[in-house]
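Just so you know, all these numbers are worked out from the coordinates, no wet-lab data involved. Given the structure is predicted, the values throughout are model-derived calculations rather than measurements. Here the Cβ positions follow ideal geometry from the backbone for every residue, glycine too, while neighbour counts run over all protein chains shown.
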Amino acid sequence: PELSPPFCSEFYSGWWTGWGTAHMANKTGAQAEQDLAHMLALGFSVNVYMGHGGTNFGFWGGANTVKDGDPESFVAMVTSYDYSAPVTEWGAHSLGPDGNDKFNGMRAVIRAHTRVQPPPEPARTPSAAYGDVLLPW
């Protein structure tokens, strides 16, 4: 261990939320910035997980059951794999529950610790409405 470089392989700026859960496990923007700044100040390399939120493909969100074959024990999982990432699954900046912009905040922390000006942010892809999705059940 003493010879290993300091590395955070999965720095979470939030967490996923179960379907129907009243509470979203979401780190504030300020806390994400503070945690990232602390690791960078100690010389850590950091992998932000998830840097960009995503979605499971189709209806492959998955589910859990308490008892096999018992439809009453079916627990659907959310289809979002967003994890309150600095960039949402639709390409916008993520806001923590404190209203702080996680993308801009974490970008500023990285800039302060590396003293490197990041490239301009790319333009967002326009959103589109696909209409209703009818399910057969």
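Structural remarks
- Full extension of the chain segment joining Thr55 with Glu10 gains 14.3 nm, where the gain is 0.36 nm per residue of separation less the Cα-Cα distance.
- Positive contributions from Lys and Arg (+1) and negative ones from Asp and Glu (-1), summed over other residues with Cβ under 13 Å from the Cβ of Thr28, come out at -2.
- At an R0 of 35 angstrom, the distance between the Cβ atoms of His93 and Leu3 translates into a FRET efficiency of 0.35.
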